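What follows is calculated from the coordinates using simple rules that are stated; it is not laboratory data. Computed from a prediction, not measured in an experiment: that's the story for all the values here. Because the Cβ atoms are built from the backbone with ideal geometry, glycine has one as well, and the counts that use them run over all protein chains shown.
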Amino acid sequence: MTSKKSKILILGFGTVGQGFFDLFSRKKDSLGLNNVSISEIVDMKYGHIINPKQDIIREIASGKIFPQKDVISTIKESDADIVCEFTWLNLKTAEPAYSHVRTALELGKHVITTNKGPSALKYKELTELAKKKGVKFLMKGTVMAGTPSFNILDLLPGAEVKSVRGVMNGTTNYILTSMEQGKNFSVALKEAQELGYAEADPTNDVDGYDTASKITIISHILGWKHEFADLKIEGIRNVTPEQAKAKTKLVAYADRSTAYVRPMQLSKDDILSGVSGVMNAIEIETDTMGKIYSMGPGAGKIQTAQAALTDLVTILR
Ligand code: HSE
């Protein structure tokens, strides 16, 4: 791909931001993105970095800090045309990510986010704003990291989706799989946190809110009217080791009229019953294809970075 000249501003240089920087640097030549550069990074901890050097991750790991700058002013003053929003998840107000995304879109910048807050809670407003400004607001990384999920539908023009069902949270699936193998809940949760799968506040994972935000995002994309606040949500706190051994999974489901998240015991011949550990899977039932499936990692540094790279290529295409 030969691309037009583009500059990227990264908001948030934690796991996902660093993963994206690393992946972009390694893949840009093979993708033909010679005219695209990461021109700016802003992070609460590391400060404001202009034209980051190739070894920026090593620099900050060794303690280097850059001058602090407010994120909104950075967006307003930046000449980047693409903003990558990788800050933390807030499923109550979507802030500060919502303001970051809105500011960038208002200025006519494309936005890529892996943040479920603005995507689940403010989808309609932000999508309409992006459309008005003639830019893209993309969020592949919010559902199953880089593993194809709702974006599979781009390959099925005209297909009408009847229902979506999935195991879409790596942390809870990791915990349930570990419980199936005899580990206790808290040990398994601690491992999922250490492996970087869990949200900063793991209650979002354990109590089903993370999964609920994902099925809400899919519903928004499909034009279904489910809102996050109205979803029936039950997490995995009450799942017993016996139920975990009997293939209980945290299942998200939506069709046009209903949407929920709850632990369900799946039969052995259900494809979703074989989804283990941090793996996620989605089943999409369409009028033309019947049921199709995608399975793969739903969390992780490079896996989430892949999603942002996928969105970047979509913007530049
Ligand atoms: N905490 C999430 C999970 C990260 O465990 O799946 C990816 O959304």
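Whole-percent P(r), the range 2-139, all Cα pairs, 10 Å bins from 0: 12, 44, 35, 9, 0.
Based on the convex hull around the alpha carbon atoms, the range 150-297 presents an average projected area of 8.5 nm². Once you've got the Cα coordinates, tell me which of 124/162; 45/116; 28/190 are over 28 Å apart. From 124/162; 45/116; 28/190, over 28 Å: 28/190.
Structural size metrics of the chain, computed from C-alpha coordinates, are Rg and Dmax of 19.4, 56 Å. Projected over all directions and averaged, the alpha-carbon convex hull of the range 142-190 occupies 4.7 nm².
For 46, 209, the sequence from fewest to most other C-beta atoms within 10 Å is 46, 209.
Helices in the chain, meaning DSSP H runs of at least 4 residues, each add -39500 (n - 2.57). Divided by all residues, the mean residue ellipticity at 222 nm is -10000 deg cm²/dmol.
Among 198-207, 35-44, 226-235, what's the highest-first ranking by average C-beta atoms within 10 angstrom per residue?
Details: 198-207: 18.9, 35-44: 20.7, 226-235: 16.6.
Answer by packing, highest mean first, reads 35-44, 198-207, 226-235.
Could you tell me how many degrees, from 0 to 90 and to the nearest 10, lie between the Cα long axis of helix 301-316 and the main elongation axis, the longest principal axis, of the Cα atoms of the chain? Roughly 60 degrees between the two axes.
Taking the Cα centre of the chain as reference, the dipole from Cβ charges on Lys and Arg (+1) and Asp and Glu (-1) amounts to some 460 debye. Set the Förster distance to 30 Å, then compute FRET efficiency between residue 268 and residue 195 from the Cβ-Cβ distance, nearest 0.05. Efficiency, from the Cβ-Cβ distance: 0.65.
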